[in-house]
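Notes to accompany the following structure.
Just so it is clear, none of the values below were taken in a lab; they were calculated from the coordinates. Treat the numbers as computed from the prediction; the structure is a model and nothing was measured. Cβ: placed from backbone, ideal geometry, glycine included. Neighbour counts: every protein chain shown.
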Amino acid sequence: MSEREASGAGALDGARYEIVVGLEVHCELRTRTKLFCGCPNSFGDEPNTNICPVCLGLPGSLPVLNRQAVEYAMRIGEALHCQVRPSIFHRKNYFYPDMPKDYQVSQYDEPINVEGWLELPAGKRIGITRAHMEEDTGKSTHMGGAGRIGDATHSLVDYNRAGVPLVEIVSEPDIRSADEARAYVSELRAILVATGASDGKMEEGSLRVDANVSVRPAHSATFGTRCEIKNMNSLRSLGRAIDYEAARQVDVLQAGGRVVQETRHWNEDEGRTSSMRSKEEAYDYRYFPEPDLVPLVPDEAWRESARCALPPMPGERRRALAEAAGTDPASVALLVELDLDGLVVEAVAAGADARIALNRAANEVAADLEGARRLSPASFAKVVSMEAAAKLTATQAKQVLAALLAGESDDPEAIAARRGFEAMDTTALEIVIDEVIAANPEPWERFKGGDPKVAGLFVGQVMKRTKGKADGKAVTSILRERAGGG
Amino acid sequence: MPDSLSADDVRHVARLARLDVTDEEVELFAGQLAAVLDHASDIEALDTHEVPPTAHPLPLVNVLREDEVTPGVERDEVLAMAPAAEEGRFRVPRILGEAP
Ligand SMILES: [Zn+2]
């Protein structure tokens, strides 16, 4: 079977086929120590300096569950609207150098969180099948052969990461496009960061995404055969990999072939997926209950405290901001993502104009997130109000905001005064406008005749003569008045 | 339930556990494993409908520790026990495929 050309990725015949995606996200928990031992959970340390008999699986060692890891897992479950339940741990047996014990401790048929959902900013709900706890594996480096596993001469293993607590979040196959997959991961990441459980760093591997991708004829009720795609380490590569894989499967089907269920590896440089191993002998992990660990049965008080530990989730914050600003939640997603929603909500509560506040926050403030940290809602509200009351022109308001963000002062009025920004009184403005009209008799006739193209000329001339102090909206309204348009 | 187990079943289980077994051992273990399975299948004669699965023989739940760092082991001491080490890491032979 010929593999699709990488350059052709994304050319899915959208009218005839539908993409179906389910995602598995592994999230490293931000605990101080590992899941079953007191070794530090820390990224980037010297190899094999955070290891002990428990995480090395030495004979006679006993695992003891980390209370904080359970707390984080429950917070994730609550934030994803899951049932948080009694759970047990299993051994997943396999032989691979990254697991020194030759098994991974994971939750199998009795996971801590089941049946939840996540709402995308656009409003669609994606089902969460489960969110269970397990331990991470070690890290192997392949030596020789340019680091590729197939060409390596040998490998070196670092067990610092072995035993680090993970929560694996498995979605239902509810995702229908690469864009939706990216939106899901981005929303999930924001939720995980909000719970305090994760630092959300995909590039450091603390958030890892595998995608189950299949295609089916449009309007089909049954699912196609899926492939599991691994090794995507950014939202961008997730989207590219899904589009490539879906197009590859459509090619196979259109050529009269069958999609083979297998695990495929995404190669970022080549922009394609390739088969990782054949499933001739399906993996038999011989799961059995971990005899060294007892059941985990969180009582209602503990679950309640995990619920109480949660700050407002991104979806709630979008709704709060949208309500405060009189707009729809999807349109304010970026402000919440940038953590600027509080600023706008407070400014609007203090009486600032919502439309201007949203606008200035999404543009000027968003462009200087460093400066945004020292911008108080009160001074933000003040500058927005000055603009709304036409005490500042839009251009002047942007300059005052820039000075606030740069930390020049926290008093918008003082900043405006220092720059000589004072509102032109209407009489003075009218005099200038009449001068400009008098100097341009021919364009003025066209303006009166309703030619919109000359409006810019008049506003520009007025701005020039007032050195930018005039308010553009005021100028336009006086011009209309003079033209008899009211 | 089986009162015998095929030689292939035994070889499959042995392979999963990475055990090297001789043909004589396959025959020996087939009989022994079948006896174990038969014993377990006695339970099937009982109605266990209302009995929850036993997760652990001890009546304990929620054995937890606080999230506090405790001393580990010296790297050099551990690496000295390994068949081979390099650059502070365990050296293993060429790996034949990606992790499952
Ligand atoms: Zn350890």
*Sort largest first and round to whole Å: the equivalent ellipsoid semi-axes of segment A:290-361, each the square root of five times a Cα gyration tensor eigenvalue.*
39, 12, 9
*For chain A, what's the radius of gyration and Dmax over Cα atoms, in angstrom?*
29.7, 98
*For chain B, go through all pairs of different Cα atoms, get the mean of 1/r, take its inverse, and jot down that Kirkwood value in Å.*
19.4 Å
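Rank these for me by crowding, A:I76, A:I126, going from fewest to most other beta carbons within 10 Å.
So the residues, fewest neighbours to most, are A:I126, A:I76.
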*Shape box of segment B:1-51 [Cα atoms, principal axes, largest first, Å]*: 42, 19, 12
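When the Cα atoms of segment A:223-308 are enclosed in a convex hull and the volume is divided per residue, what value in Å³ results? Write out the running numbers ahead of the final one.
Numbers: hull volume 17.5 nm³, N = 86.
Value for segment A:223-308: 203 Å³ per residue.
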*Value at 222 nm in deg cm²/dmol, rounded to 500, when DSSP H runs of n ≥ 4 in chain A each add -39,500 (n - 2.57)*: -10500 deg cm²/dmol
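Among the listed pairs A:K391/A:K453; A:K101/A:K230; A:K92/A:K201; A:K382/A:K453; A:K124/A:K473, which have their C-alpha atoms separated by more than 30 angstrom in this model?
Working: A:K391/A:K453 28 Å; A:K101/A:K230 24 Å; A:K92/A:K201 27 Å; A:K382/A:K453 35 Å; A:K124/A:K473 39 Å.
Among A:K391/A:K453; A:K101/A:K230; A:K92/A:K201; A:K382/A:K453; A:K124/A:K473, the Cα-Cα distance tops 30 Å for A:K382/A:K453; A:K124/A:K473.
How far, in nm, would the chain grow between B:R15 and B:E74 when pulled straight, counting 0.36 nm per residue and subtracting the alpha carbon separation? Could the numbers behind the result be given before it?
On the way: separation 59, 0.36 × 59 = 21.24 nm, distance 3.43 nm.
Once the chain is fully extended between B:R15 and B:E74, it gains 17.8 nm.
Wrap a convex hull around the Cα atoms of segment A:426-485, take a quarter of its surface area, and give that in square nanometres.
3.5 nm²
Enter the per residue convex hull volume of segment A:138-198, computed from alpha-carbon coordinates, in Å³ rounded to the nearest integer.
Enclosed volume per residue, from the Cα hull, is 148 Å³.
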*Describe numerically, in nm with one decimal, the distance between label points set 7 Å from Cα along Cα→Cβ at A:D410 and at A:A366.*
2.6 nm
*So what's segment A:314-418 giving for Rg/Rh, alpha carbon basis, Kirkwood Rh from the mean inverse pair distance?*
0.95
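What net charge is computed for the residues neighbouring A:S220, neighbours being all others with C-beta under 12 Å from the C-beta of A:S220, Lys and Arg scored +1, Asp and Glu -1? The partial results should precede the final answer.
On the way: positive: A:R16, A:R216; negative: A:E18.
Value of the local net charge: +1.
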